[in-house]
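Report on one structure; see the data block that follows.
The values are calculated or read from the model by the stated rules, or taken from the named source; none is laboratory data. Bear in mind the structure is a predicted one, so any value in this text is a computation, not a measurement. Backbone-built Cβ (ideal geometry, glycine too); neighbour counts: all protein chains shown.
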Amino acid sequence: MTRADVCVVACADAWRGDGAVLASPTGLIPRLGARLAQLTFAPGLLLTDGEATLLRDDEAEGWLPYRAVFAVVAAGTRHVMMGASQIDRFGNQNISCIGDWSRPKRQLLGVRGAPGNTVNHATSYWVPRHAPRVFVPEVDMVSGVGHDRGAIEIRVVVTNLAVLDFATPDRSMRLRSVHPGVSVAEVQAATGFPLTIPSDVPSTRRPTAEELELIGERLDPEGLREKEIR
């Protein structure tokens with residue numbers, strides 16, 4: 001078992017209990033997590049090939065053209081796991097620019113579908129490098145809105161160090177679990193604002209033997225997941 005395996009399982013667990021919703025993972029480890037969930041505890045989860053085909057076990061099981069995705073988004077029957085160049089304590093996400101938006105130091109992706117995602121359906125985030133420059137007191141530009149701006153549900157943030165959620169009275173960020181071998185102090189030191197930290201922080205769930213076999217032999221036999229976490 002590696003840290004990457006733990007992250008795959010943590011991403012998979014983000015879709016636990018969703019039922020027949022469209023999972024939209026961004027990045028290799030979230031995609032492996034969504035496929036693992038579909039193969040194990042979430043058989044009703046819908047996955048696409050990124051174009052117009054719904055897949056099950058890499059075989060076509062339905063058709064979802066791009067124009068129909070907007071109806072899925074508006075109906076709230078989607079759970080996306082996006083990336084974040086910056087994220088704050090309420091889950092406001094930035095993937096647009098670093099620095100003043102009128103004259104940024106670095107131009108990034110733009111807002112893309114982040115505003116529509118966060119106000120219409122469940123959204124989670126995958127951050128492969130947990131660091132203060134990502135977890136910031138205030139994002140330079142709001143791409144995806146957080147709980148203080150009307151987000152429907154920012155469910156979890158999975159990183160290379162921990163799993164975080166927003167199960168607090170003001171819906172600010174809380175440390176849910178630390179990955180095996182990581183301390184609470186390490187996570188707080190890598191976060192640019194104070195986290196809500198319970199008195200007893202558990203270790204993130206380890207993969208089962210079945211999950212490890214599926215990840216290593218079926219989903220990612222080449223081990224590409226290890227390259228996403230440095």
Original post:
Of the residues D140, D220, which is at pLDDT 95 or above, of a type in the set (D, E) and under 16 Å from S85 (Cα atoms)?
Top reply: D140
Original post:
Among strands (runs of 3 or more DSSP E) lying entirely in the stretch 1-82, which contain 3 or more residues that are within 26 Å of I229 (Cα to Cα)?
Top reply: 22-25, 78-82
Subject >> Boolean, G17 is surrounded by 11 or more Cβ atoms within 10 Å (Cβ to Cβ), under 20 Å from the mean Cα position of the chain (by Cα) and at positive phi >> reply: no
Subject >> Where E138 falls short, out of the listed (1) of a type in the set (D, E); (2) buried (at least 19 other Cβ atoms within 10 Å of the Cβ); (3) farther than 21 Å from T204 by Cβ >> reply: (2)
Subject >> Enumeration of residues in the stretch 202-228 that are under 23 Å from V178 (Cβ atoms) and surrounded by fewer than 16 Cβ atoms within 10 Å (Cβ to Cβ) >> reply: P202, S203, R206, T208, A209, E226, K227
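Is one or more of the residues making up the stretch 149-163 among the basic types (K, R), under 17 Å from A12 (Cα atoms) and surrounded by 13 or more Cβ atoms within 10 Å (Cβ to Cβ)?
Yes, because at least one residue in the stretch 149-163 is among the basic types (K, R), under 17 Å from A12 (Cα atoms) and surrounded by 13 or more Cβ atoms within 10 Å (Cβ to Cβ).
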Original post:
Among the strands (runs of 3 or more DSSP E) contained in the stretch 92-202, which hold 2 or more residues that are in contact (Cβ under 8 Å) with a residue 12 or more places away in the chain and under 14 Å from the mean Cα position of the chain (by Cα)?
Top reply: 122-127, 153-159, 162-165
Subject >> Residues of the stretch 20-37 satisfying the condition of being farther than 14 Å from R78 by Cβ and either surrounded by fewer than 22 Cβ atoms within 10 Å (Cβ to Cβ) or at pLDDT below 95 (or both) >> reply: G27, L28
**OP:** Could you tell me whether the stretch 77-95 includes any residue that is surrounded by fewer than 22 Cβ atoms within 10 Å (Cβ to Cβ), more than 27 Å from T191 (Cα to Cα), out of contact with any strand residue (DSSP E or B) (no Cβ under 9 Å at 6 or more places or on another chain) and not basic (K, R)?
**Re:** no
Original post:
Scanning for something in contact with a strand residue (DSSP E or B) (Cβ under 6 Å, 6 or more places away or on another chain) and either of a type in the set (A, V, I, L, M) or assigned to a loop (DSSP other than H, G, I, E, B) (or both), does the stretch 203-221 turn up at least one residue?
Top reply: yes
Original post:
So is T40 β-branched (V, I, T) and either at pLDDT 95 or above or under 19 Å from R155 (Cβ atoms) (or both) or not?
Top reply: yes
Original post:
Is it true that A84 is without any contact (Cβ under 8 Å) to a residue 12 or more places away in the chain and of a type in the set (A, V, I, L, M, F, W, C)?
Top reply: no
**OP:** Within the stretch 49-62, identify whether any single residue is touching a helix residue (DSSP H, G or I) at 6+ places or on another chain (Cβ under 9 Å) and either buried (at least 19 other Cβ atoms within 10 Å of the Cβ) or hydroxyl-bearing (S, T, Y) (or both), and answer yes or no.
**Re:** no
Original post:
Which pairs do you get when a residue that is over 11 Å from V163 (Cα atoms), found in the stretch 1-21, comes within reach of a residue that is hydroxyl-bearing (S, T, Y) and part of a loop (DSSP other than H, G, I, E, B), reach meaning Cβ atoms under 6 angstrom, with the pair 6+ apart or on two chains?
Top reply: V21/T77
Original post:
Can you tell me which residues in the stretch 29-67 are closer than 20 Å to R205 by Cβ and of a type in the set (A, V, I, L, M, F, W, C)?
Top reply: I29, L32, A34, L36, A37, L39, F41, A42, L45
